[in-house]
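Readers should treat all values here as calculations from the given coordinates under stated rules, not as data from a laboratory. Given the structure is predicted, the values throughout are model-derived calculations rather than measurements. Methodologically, a virtual Cβ is constructed for each residue, glycine included, from the backbone with ideal geometry; neighbour enumeration extends over all protein chains shown.
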2 protein chains.
Amino acid sequence: MSSQQPLIAAIEAGGTKFVCGIGRGPHEILATHRIDTTTPEETLESVCRWFSKMKLEHGPFEAMGVGSFGPVDLNPKSESYGFITSTPKPGWQHTDVVTRLKHRFKVPVGFDTDVNAAVLGEYLWGAGQGIDPLVYITVGTGVGGGVLVNGQLLHGALHPEIGHLAVPPPVNSLAVQRDCQCPFHKSCVEGYVCGPSIAKRWGVRADTLPLEHPAWEEISDAMAHALMNICLTLSPKRIILGGGVMEQPQLIPLIRGKLMSHLNGYLLIPQLGKEIDQFVVSPGLGSRSGLLGSLALGRMALDQKITHS
Amino acid sequence: MSSQQPLIAAIEAGGTKFVCGIGRGPHEILATHRIDTTTPEETLESVCRWFSKMKLEHGPFEAMGVGSFGPVDLNPKSESYGFITSTPKPGWQHTDVVTRLKHRFKVPVGFDTDVNAAVLGEYLWGAGQGIDPLVYITVGTGVGGGVLVNGQLLHGALHPEIGHLAVPPPVNSLAVQRDCQCPFHKSCVEGYVCGPSIAKRWGVRADTLPLEHPAWEEISDAMAHALMNICLTLSPKRIILGGGVMEQPQLIPLIRGKLMSHLNGYLLIPQLGKEIDQFVVSPGLGSRSGLLGSLALGRMALDQKITHS
């Protein structure tokens, strides 16, 4: 029964806002709260104050889970484990998140990237239930991806950074290298498709571009190349596409078509043929993937494994 | 002790040759034998005859392991499990390998891609001992890659097919799409760097190109983009580069330099800085990665897990 699950404090820590929640599972969220991301000191203090208040209202929580913007240090043996590390976000470089929460609330703290939290949420309760390998990609202010493979979230040397996949220039892109807006790379998917890149390239916000605008062809072309490269490396059984830019309803069908056309019949699997509509999908949890996944990270910090309930 | 390990029949099944071996581990290979790849019937019958002879000489083996060219079906629930499936190799489409060996020798048969076998061999006994995630890439007649992650070989919807990663055109490549020799894709790494692609593009065999030839810049550029994309998806802790083309001694240092230059400081990890020489490396088992990995697949078929000894 849901009410027998432990009470967990969940934080989806983003570069624009921190979304906090307290609850026991997807059907039992007792309260949520949004805090603007300002300085680390101010933001994390607001987070702690809200959870202290929740403790008084709902009783003690048994663990916390944090899905954070990054890059983050996920190596438990590292001195900077639980830190946001080399982020371009001003003021947030080398910010210790986990130690602060542990000291304040004296409970286990689960910690991972925001997108690994989202893929975990979707795996447990959303559009990827029980599907392994599973990939979740968000396209918004930036592009990021979380990966669950062989029963665990993927970390490795760092963690996936799918937004910076190098891809061939989109078709019809006449002045290609000028158009990739990434400060690091000459031709990466984030540089072509994230919100600020679209705005800089076309002079208007993505959600104001009409359906027939050539931008969508370029965006779906670059996204399809990113998905192609994900298929060729991670061999996922499903890819979930979330984030603000992906809310344009024409995009997922365009990306499915271009993914098949880019691969050109090379991978003969149903997922890239008659089952493509179940292979590239929208999130099942809408905008709650990250928060619910963070709650699951808190559960995992209690029992150290992925459990569905 | 090595002599307490079970006797295993190992087959590295390639498009040019099948390499067979019988033994207990890397330091106890009793015999090996090379068979040219002709028709499935003739090749597999030669393989079976050799192992029957080995049984008489060395006693019964307890399991067989096969690392095969592909694509192959690795889904134990599929009707075509253990088959070579949609390979372009004439005559080999839809060839049942596992059932034939099981019927003939009545022992468990482990089965995976040749490159997954190679990554397993390198993980157990070679240049990637205990390193997870670990990637092995071969560059020769084709380009392929095997992946070990979270303690298991990566399968997923199919299996990794790293050779066909879409990458930006190599620098200095003036007539890019003409130069990618892949029959499926307009800009993939195999189409730029495999042996036949090099021969077609430059008119001579790779091993006859002088050190200062511009081909090496293009080859290392495309390979570095492939490695970049592998870092951004699989986040490996080491990448092993094997195969005939990689025997050119100048290539690995060139690829290391271009990998760091393509990533341009985005992933701040020691593997992509001062530890780059331990991150992109040659195989520790030389040309035996695939055969020894196939032996390990045989062991796994006996005990269903990866065991080091």
FRET efficiency (B:LEU56, A:GLN278; Cβ distance; R0 45 Å; to 0.05) is 0.30
Beyond 27 Å (Cα-Cα) in this structure, taken from A:LYS274/B:LYS89; A:LYS53/A:LYS77; A:LYS17/B:LYS237; A:LYS89/A:LYS186; A:LYS237/B:LYS200, we find A:LYS53/A:LYS77; A:LYS17/B:LYS237; A:LYS237/B:LYS200
Per-residue average of other protein chain Cβ atoms inside 10 Å, peptide A:229-241 -> 6
Checking rank on A:288-297, A:137-146, B:209-218, with mean other Cβ inside 10 Å and highest first, the result is A:288-297, A:137-146, B:209-218
In debye to the nearest 20, the charge dipole size for chain B, taken about the Cα centre with +1 at each Lys and Arg Cβ and -1 at each Asp and Glu Cβ, equals 340 debye
The simple spin-label model distance between B:LYS106 and B:GLU217, using points 7 Å out along Cα→Cβ, in nm, is 6.4 nm
antiparallel share of DSSP beta bridges within the protein assembly as shown, to nearest 5, in %, is 60 percent
Length gained if B:HIS94 through B:ALA31 is fully extended, taking 0.36 nm per residue and subtracting the Cα-Cα distance, is 19.7 nm
The answer for chain B, counting only DSSP H helices whose Cα atoms cover 20 angstrom or more along the axis and whose Kyte-Doolittle average is 1.6 or greater, is none
Inter-part gap, Cα centre of the range A:78-104 to Cα centre of the range B:41-114, in whole angstrom, is 51 Å
Mean other chain Cβ within 10 Å across B:60-68 is 0
For the range A:201-274, listing trypsin sites (Lys or Arg not before Pro) in a DSSP loop whose Cβ sees at most 13 other Cβ atoms within 10 Å gives A:ARG205, A:LYS274
Answer in debye to the nearest 20: the dipole magnitude of the range A:1-87 about its Cα centre, from +1 Lys/Arg and -1 Asp/Glu charges placed on Cβ, is 200 debye
If each part is reduced to its alpha-carbon centroid, the range B:267-294 and the range B:195-236 end up apart, in Å, by 17 Å
The local net charge around A:GLY293, scoring Lys/Arg +1 and Asp/Glu -1 for residues other than A:GLY293 whose Cβ lies under 10 Å from its Cβ, equals -3
To the nearest 20 debye, the protein assembly as shown has a Cα-centred charge dipole, built from +1 on Lys and Arg Cβ and -1 on Asp and Glu Cβ, of 580 debye
With the label set 7 Å along Cα→Cβ, A:HIS27 is separated from its counterparts in the other copies, in nm and shortest first, by 5.8
Surrounding charge for B:ARG238, neighbours by C-beta under 12 angstrom, Lys/Arg +1, Asp/Glu -1, total -3
For the range B:127-283, percent of DSSP beta bridges that are antiparallel (nearest 5) comes out at 55 percent
One finds, for A:GLN5 and B:GLN129 with R0 = 51 angstrom and r their Cβ-Cβ distance, a FRET efficiency to the nearest 0.05 of 0.80
Distances in nm between the label point of A:LYS274 (7 Å along Cα→Cβ) and its equivalents in the other copies, shortest first, are 5.7
